[in-house]
Amino acid sequence: MENNIIKLKNKANKLPLLPGVYIMKNTVGEIIYVGKAKKLKNRVTQYFRSDTAHTAKVKKMVSNVSNFDYIVCDSEFEALTLENSLIKQYQPKYNILLKDDKGYHYIHISNEKWRRITAKKSLEKTGTSIGPYNSAFVVNNTVEQALKVFKLPNCTRNFEKYSKPCLNYHIGLCLAPCANKVDFNEYNEAVNSAIDFIKNGSSENIENLKIKMEKAAEQLNFEYAAKLRDRIESILKINQKQKVISNIKQRHDVFAAALVGETLCVEVFVFKNGHLCDENHYFFEGITSKSQFYNEFIPRYYAENTDIPRLILVDVKFDDTVITDWLSEKSGHSVSVEIPQKADKLKLVKMCATNAAEHLAQKIERNIKETSALNELAAILGINNPPRYIEAYDISNIAGSENVAGMVVFKDARPLKSAYRKFKINSFVGQDDYRSLAEVIERRLNEYKKGEDTAFSVLPDLILLDGGLGQLSAIKPVLEKFGLNIPVFGMVKDNKHKTNAIAASGGIISIKSNRSAFSLVTAIQDEVHRFAIGYHKQRRSGAMLQMELTNIEGIGKTHAINLIKHFKTINNIKSASLEELIKVEGIGLKKAEAVLNYFK
């Protein structure tokens, strides 16, 4: 590790004092971080200096860097553009990425002759899209309003084949292209106006409609002018129902962040015509400065979001010169960033900051409880650091039949279900929980050495076993064989099958008086028991099905397994036709007929 840092430092010292992008890679060549710099040499050498006080996140990133590449650019602006492109392409692990579990939503305009406007949960490959938006409600509400105001269809009818108009036409909510009630040019103009309404808001759209209405009246086209007047009235009615929060009429976004320790929550408000039309918040770890955070976050945010406003309000100053140039070029209009000091703009930023602080407070309160439980558990067990990554094991069988084990993982005191694993005991037949555990732990550690399964690529800080001193004695030799010193303890239950204590090499430790640790251990023990029992029931049902199938004349164990693999359930086998049964490997016509006759 030390030699690699020296090698990287020497390589960084040879970089030019020019703007560009640097690309950090790990041992397998995977891109883990992309950054831009005004002067490549100065920026990259900072990572590999021994006297640099890095944050925990940067230290972790540097420890995983095996090599780096760089691309020289003509300007810092060009470097920012390239940086965003590479981050979007490779999604590096240590860059600020807008990852959340909500997903994005889009307003889609189809590319067919009679274009349609619809709400979508993902980006379509054809047509054009407006977005992304974080809120499904915002997208659905916007589309609903646009269709209502401009009397556009929300159906899937074929407009090239005429049919009777639906109820929406008769109540004045649709132009009815399906019934040839509107010519193509008028329909197309309505779609364009609806898109303008969605993109620019109602105020700008009203002004455009008024100009068109007056022009139509001057040309004595009173019927068209009346339609435009009706659209204006519809938009005004919608505006009256919405609550105006901002007095700033132009489209604008507001950013404000709350930072406690190295945990940051940033809140984003999106305003159109004074109305708050979208909102979202994001959490990030390893952040020490709001200003530095905004330098990276705001380009990431607008790289994903194409709806860039002319005005951005933020709560702290940051180096926005290159970013505003980039946003202006990307959007096709000038963009300014302001830190408001008074009046309405300051009020909006304060409201945004209050929401960020509230979300962060909720997260910290939850984290405090979990951190408290881990610290308490570490103190009880006498281990140096709170166990962030805990693995728990339980054996399940009935009189030795279908002997299985379950492994569950708790990361930072929360279940990490993607890392759960199931084991079928292979080394012996019968009931022996101690030998079963020894086999499972050995297999798990062998998988760690292979490094193929990501769930096994991390060694746990703590191993908990469902059981007592016997279970501990069974796996300690296995850990010694691998040269590992992982703390191992048992989870003891009382005669009511409730968590009661911790089994350690020196005896039994009561944990009932330690509420946080007790609740955590109880949750872990209940979860691993549930997981192991569930797998055992699954195995038993499969074994019983296999046993029943072997009662059929000509169907042996191998044939039964093939049938189960193919049809999954007994009901599927019962309802299968002769042709479907013959498709199963090893099942010819005679055996297929035997299966049919057995069940029918």
* Apply the Debye scattering formula to the range 389-530, with a single equal point scatterer on each alpha-carbon and no solvent, then give log10 I(q)/I(0) at q = 0.19, 0.21, 0.22 Å⁻¹. => -1.20, -1.46, -1.58
* **Computed helical MRE - 222 nm, the chain, DSSP H runs ≥ 4 contributing -39500 (n - 2.57), nearest 500** => -15000 deg cm²/dmol
* Area projected by the alpha carbon convex hull of the range 29-72, averaged over all directions, nm² -> 3.4
* Cα-based Kirkwood hydrodynamic radius, the range 243-350, one decimal, Å -> 14.2
* What list of ³J(HN,Hα) couplings, whole Hz, do you get for the range 519-524 from phi and the Karplus terms 6.51, -1.76, 1.60, once you set θ to phi - 60° and write x for glycine and proline? -> 5, 5, 5, 4, 4, 5
* Can you give the charge dipole size of the range 37-91 about its Cα centre, rounded to the nearest 20 debye, using +1 on the beta carbon of Lys and Arg and -1 on the beta carbon of Asp and Glu? -> 320
* **Binned Cα-Cα distances of the range 147-193, short to long, each 5 Å bin given as a whole percent** => 5, 24, 35, 27, 8, 0
* Å³ per residue enclosed by the Cα convex hull of the range 9-92 -> 89
* Ordered by packing density, taken as the mean number of other Cβ atoms within 10 Å over each peptide's residues, highest first, how do 255-261, 43-49, 55-61, 439-445 rank? -> 439-445, 255-261, 43-49, 55-61
* **Peptides ranked, highest mean first, by Cβ atoms within 10 Å: ranges 152-165, 174-187** => 174-187, 152-165
* **Antiparallel DSSP beta bridges within the chain, as percent of all bridges there, nearest 5** => 80
* Which residues' amide hydrogens lie under 5 Å from the amide hydrogen of Lys151, considering only partners 5 or more residues apart or on another chain, with H built in the peptide plane? -> none
* Can you list the lysines whose alpha carbon sits under 17 Å from that of Lys422, skipping same-chain ones fewer than 8 residues off? -> Lys537
* Treating only the Cβ atoms of Lys and Arg (+1) and Asp and Glu (-1) as charged, compute the dipole magnitude of the range 389-530 about its Cα centre; round to the nearest 20 debye. => 240
* Over the range 310-411, equivalent-ellipsoid semi-axes from the Cα gyration tensor in Å -> 52, 21, 13
* Asked: So which lysines pass the test for Lys14, namely a Cα distance under 25 Å, with those fewer than 8 places away in the same chain ruled out?
  -> Lys25, Lys36, Lys38, Lys39, Lys41, Lys59, Lys60
* **Residue (of Gly131, Cys166, Tyr187) at the positive-pole extreme of the range 105-200, dipole from beta-carbon charges** => Cys166
* To do: Find which of Ser372, Ile524, Gly468 sits farthest along the positive direction of the dipole of the chain, computed with +1 on the beta-carbon of Lys and Arg, -1 on that of Asp and Glu, about the Cα centre.
  => Gly468
* Relative contact order for the chain using alpha-carbon pairs under 8 Å, separation at least 6, rounded to a whole percent? -> 7
* Quick one: which residues, 5 or more positions from Ile32 or on another chain, have an amide H under 5 Å from its amide H? H modelled 1.01 Å from N in the peptide plane, none for Pro or chain starts. => Met24, Lys25, Asn26
* Using the per-residue mean of other Cβ atoms lying within 10 Å as a proxy for protection, in what order, highest first, do the peptides 520-526, 554-560 fall? -> 520-526, 554-560
* **For the range 16-34 versus the range 135-172, the gap between their alpha-carbon centres in whole angstrom** => 50
* Enumerate the calculated ³J(HN,Hα) couplings along the range 166-181 in order (Karplus 6.51 cos²θ - 1.76 cosθ + 1.60, θ = phi - 60°), each rounded to whole Hz, writing x wherever the residue is Gly or Pro. => 8, 4, 4, 5, 5, 9, x, 10, 8, 6, 6, x, 5, 10, 6, 8
* Asked: For the range 550-599, what is the convex hull volume of its Cα atoms per residue in Å³?
  -> 63
* Asked: Under the definition of Cα pairs under 8 Å and six or more residues apart, what whole-number percent is the relative contact order of the range 291-337?
  -> 44
* Ranked by Cβ crowding within 10 angstrom, fewest neighbours first, how are Ser519, Ser457 ordered? -> Ser457, Ser519
* Does anyone have the angle between helix 136-150 and the longest principal axis of the chain? Alpha-carbon axes, 0 to 90°, nearest 10? -> 30
* Asked: Quick one: helix 184-200 against the long Cα principal axis of the chain, what's the angle to the nearest 10°, folded into 0 to 90?
  -> 70
* Structure fact -> With no solvent term and unit scatterers on the alpha-carbon positions of the chain, Debye gives log₁₀ I(q)/I(0) at q = 0.06, 0.08, 0.12 Å⁻¹ of -0.54, -0.88, -1.19
* **Note, ³J(HN,Hα) from phi for the range 555-560, Karplus 6.51, -1.76, 1.60, rounded to Hz, x at Gly and Pro** => 9, x, 4, 5, 4, 4
* Structure fact -> To the nearest 20 debye, the chain has a Cα-centred charge dipole, built from +1 on Lys and Arg Cβ and -1 on Asp and Glu Cβ, of 460
* Reference-scaled alpha-carbon Rg (2.2 N^0.38 Å with N residues) for the range 451-516 -> 1.28
* To do: Please work out the Cα center distance from the range 451-469 to the range 64-93, rounded to the nearest Å.
  => 37
* Sequence neighbours fewer than 8 away in the same chain don't count; with that in mind, list the aspartates and glutamates whose C-alpha is under 14 Å from Lys512. => Glu376, Asp494
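Coordinate-derived values only; no laboratory data. What you see is a predicted model; the values in this text were computed from it and never measured. Don't worry about glycine lacking a Cβ; one is built from the backbone with ideal geometry, like all the others, and counts go over all protein chains shown.
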